[in-house]
Amino acid sequence: MDSSRLLFAFGITLLAGLATGIGGLIAFFAKRTKTTFLAFSLGFSAGVMIFISFTEVLTGAGNIMQQNYAHNIADWLTFISFVAGIALSAGIDKILPSEGNPHELKRVEQMHPESRDPDKPECQGRKMQQSGVRSIRDHKLMRIGTFTAIAIGVHNFPEGIATFMAAMSDVAVGVSIAIAVAIHNIPEGIAVSVPVYYATGSRRKALAWSVLSGFSEPVGAFAGYFILTLFNSDISLGYVFAMVAGIMVYISFDELLPAAHKYGKHHVAIYGLISGMIVIGLSLIMLG
C-alpha cells in the first residue's frame with residue numbers, strides 16, 4: 001500500500017471533516033446567512049457526488065465485479081452492494097434521535113442580538129442567561145447542541161469512509177468528493193454552534209463542539225484503512241466501492257438537496273446541482 005497515497009487520503013478526509021469548524025466561524029463573524037450561496041454550494045456538492053457515484057465509483061465497482069464473476073452475477077452483486085450502502089446510511093438516520101437531527105438548519109442571524117426574534121425559544125434562553133438567571137432552557141439548548149454534534153458525527157462516519165476509499169482509488173475523484181463533503185459540512189457546523197453558544201455564552205465552546213463533530217470523518221478514514229488491510233483483494237474492493245456509491249447517493253438526496261431547498265432557493269439549488277455535474281465531468285475528462 002503506497003504510504004504517500006495513504007497519507008494523502010487521510011489528509012483530505014481530515015480537512016473535509018474540519019470544515020464543520022468553518023461553519024462555526026461563519027456563525028460568529030457573519031451577520032446574515034448567505035442563503036443563495038449556501039443553496040448553490042449544497043446543490044453543487046450534490047451534483048458532484050451524484051455524478052461521481054454513478055460514472056466513476058459504481059462503474060469502477062462493476063468493472064471489478066466483471067473481472068471476478070460471470071456477467072449476470074457481477075451485475076446483481078454490484079446492484080445489491082449499492083443498495084446495501086443506501087441501507088447503511090438510512091439505518092444510521094433511523095437510529096439517531098430526532099432531537100439532534102442534523103437536517104434542522106440554523107441561521108447565523110440567531111447569533112446576533114440585533115437580528116434575533118425575542119419570541120423564539122433559543123433567544124429566550126440566551127436573554128435569561130444575560131440577565132443572570134440560569135434557566136432549564138439553557139440546559140436543554142446544550143443538550144440539543146450536544147445531540148446535534150453527535151448526530152452529525154455519526155452521519156459523517158460513512159462520509160469519511162467514502163472520501164478515504166475514493167482517494168485511495170483515484171486522486172481526482174477523492175479530491176472532488178472531499179470538496180463536496182467539506183461544503184456540506186459548513187451548515188452542519190452552524191447547526192452545532194448556534195445552540196451551544198446560546199446555552200453557554202461561550203464562542204470557544206461553540207466552536208470546539210462544531211469542530212469536534214467533524215472528527216468522525218477521519219475516524220471513518222481509519223475504518224476504510226482497516227477494510228483495505230483486512231480485505232485487500234479486488235473482489236472485496238468491488239463490494240466496498242459499490243457500497244460507497246450508495247452512501248454518497250443517499251447523502252446527496254437525503255441531506256444535501258433537502259438542505260439546499262430549506263434555504264428557500266429551489267432554482268438556485270438546481271443550478272448548483274447542474275453546475276456541479278458539469279464541472280466535475282469536465283474535470284475528470286481533462287485530468288483523465
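Each reported figure results from applying straightforward, stated rules to the coordinates on display, with no laboratory input. Bear in mind that the values here come from a model prediction, so they are computed numbers and not experimental data. Ideal geometry is used to build each Cβ from the backbone, glycine not excepted, and the neighbour counts take in all protein chains shown.
Assorted remarks:
- Given their separation in residues at 0.36 nm each and the Cα-Cα distance between them, Asp2 and Arg143 gain 46.5 nm when the chain is fully extended.
- In terms of packing, defined here as the mean over residues of other Cβ atoms within 10 angstrom, the peptides 68-75, 150-157 line up highest first as 150-157, 68-75.
- Electrostatic tally near Ala16: other residues with Cβ closer than 15 Å to its Cβ, Lys and Arg +1, Asp and Glu -1, net -4.
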